Every structure is written in C-alpha cells, then in structure tokens.
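Working notes, structure below.
Laboratory data are not the source of any read-out in this text; all were calculated from the coordinates shown. Just so it is clear, the model here is predicted, and its values are computed rather than measured. Ideal geometry is used to build each Cβ from the backbone, glycine not excepted, and the neighbour counts take in all protein chains shown.
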Amino acid sequence: MSDIQLTKKLIRVSRTTKSSFVLPSDTNTHGTLFGGRLMSYIDDIAAISASKHARSAVVTASADSIDFLQPIREGEVVSLESYVSWTHNTSMEVLVKIFAENVITGVKKVCATSFLTFVALNEEGKPTKVPEALPETKEEKFVYDGGEERMKARKARRKHSEKLASEFGSFG
Ligand SMILES: CC(C)(COP(=O)(O)OP(=O)(O)OC[C@H]1O[C@@H](n2cnc3c(N)ncnc32)[C@H](O)[C@@H]1OP(=O)(O)O)[C@@H](O)C(=O)NCCC(=O)NCCS
C-alpha cells in the first residue's frame, strides 16, 4: 500500500445510504416521523460512515443543529445519505442528508441536513489519528472547504458547554 493510501482516503469510501418506509409505529399523533427516531437514524448512518473512513471504533463527539425543514409522512420513504466530509487529527466531520420520497408519485424532497463529529478510538479507547479526507466531486469540495470554519465554531461551542456544565455542577 502506498503512503498516500495510509494517510489519505477518498471521501467516497465512506458514502453510505439507508432507506426505510415510515410505518405507523414510527410516527407521532400527526402522522409524521418522530424527531427522535430520525435522530437515531442520523447517528446510526453517520457512525457507519465514520467507521468506514477510520476503520476503527468511533464515538459521537457532537451533533450540530438539525433543522427539520419538512415533515416526513407515514407511507413515505425516508432516505439518508452520509459521508465523512472533513477530517482534522482524530476527529471526522460527517454530513448526513435526509430526504422523503413519495414512491407512488416519485416526488422527493430534502427534509433536513446535519453535521456530526466522530472521534476514532484505538484499542485502549483513546483518540487516534484518522486518514485525511480527500474530496473529488464538486459537492464534496464545496462541503470540505467549509470544514475548518465549522470546526472553529464547534470548539467555541464546546467551551461554552463545558462552562455551563461546571456552573450546573455548582448548584449541587
Ligand atoms: C469525544 C471524546 C472521545 C474526546 O476525548 P478527549 O479526551 O476530550 O479528547 P480531546 O479533547 O483530545 O479531543 C479529541 C478530538 O475530539 C474533538 N472533540 C472533542 N469534543 C468535541 C465536540 N464536542 N465536538 C466536536 N469535536 C470534539 C477534538 O476537537 C479533537 O479533535 P482533533 O484530534 O481532530 O483535533 C470524549 O469527550 C468522549 O468520550 N465523549 C463522550 C462520547 C460519547 O459517549 N458519545 C456518545 C454519546 S451517548
């Protein structure tokens, strides 16, 4: 194996897709998919992408905001696509796109997008280096180019969360 294959990996290697019919047991009283069910699908597919990229155990470090732009209705097909969109040292940013499709009419809409960050762990459960993500397509390059900026925003948010956690801890 060449050095480039050990230190860099094409983004397409981590591309993952998943589709399911939205059944009555997946929905709330309005007949639309539970937000919590969708979040579980998002974490699951993102973990698969991160594992394919790192080829090691991974853990979810954070999820950025998820905006539910459109409801996903009972009887529709919910589809998710994910890939590692940017990497740093031991962390990987994963983009998940969520679509709903009416399989009778063929109408498909984007319902949400989400970025999650995963950290690769070694056999001792410690963060370990991941290969650098290599974008190829126009979309991959577009998303990759915003990666560093998003990482900086997450670092600031993490500091804020740590401060809040220490303040909550002091209430006893
Ligand atoms: C995520 C975790 C492994 C980080 O470990 P740590 O000892 O704090 O390690 P570090 O501070 O050195 O961070 C390691 C990497 O994680 C990133 N990271 C840590 N917390 C992060 C967060 N909240 N959001 C995004 N990235 C984060 C760091 O930026 C760093 O990335 P880099 O190596 O690419 O620069 C640790 O905080 C953890 O185990 N958290 C719980 C994870 C979990 O249980 N997830 C499931 C939730 S139910």
From the option list 25, 51, 56, single residue qualifying as farther than 24 Å from residue 149 by Cβ, within 16 Å of the ligand (Cβ to nearest atom) and either more than 13 Å from the chain's Cα centre (by Cα) or surrounded by fewer than 15 Cβ atoms within 10 Å (Cβ to Cβ) (or both) is 56
Among residues of the range 95-124 being part of a loop (DSSP other than H, G, I, E, B) and within 16 Å of the ligand (Cβ to nearest atom), the residue surrounded by the most Cβ atoms within 10 Å (Cβ to Cβ) is 122
Can you name every residue in the range 14-28 that is in contact (Cβ under 8 Å) with a residue 12 or more places away in the chain and over 12 Å from residue 92 (Cβ atoms)?
-> 15, 16, 17, 18, 19, 20, 21, 22, 23, 24, 26, 27
Single unsatisfied condition, residue 81 versus (1) in a strand (DSSP E or B); (2) within 16 Å of the ligand (Cβ to nearest atom) | (2)
Pairs returned, first residue in the range 29-45 that is on the phi > 0 side of the Ramachandran plot, second residue that is surrounded by fewer than 19 Cβ atoms within 10 Å (Cβ to Cβ), beta-carbon separation under 7 angstrom, 6 or more apart or interchain, are 31/73; 31/74
In this structure, does residue 85 turn out to be surrounded by 18 or more Cβ atoms within 10 Å (Cβ to Cβ), touching a Ser or Thr at 6+ places or on another chain (Cβ under 6 Å) and over 28 Å from residue 25 (Cα atoms)?
-> no
Take residue 68 and decide whether it is in contact with a strand residue (DSSP E or B) (Cβ under 9 Å, 6 or more places away or on another chain) and surrounded by 23 or more Cβ atoms within 10 Å (Cβ to Cβ).
-> no
The lone condition residue 127 fails out of (1) in contact with a Leu (Cβ under 7 Å, 6 or more places away or on another chain); (2) within 11 Å of the ligand (Cβ to nearest atom); (3) under 22 Å from residue 81 (Cβ atoms) is (3)
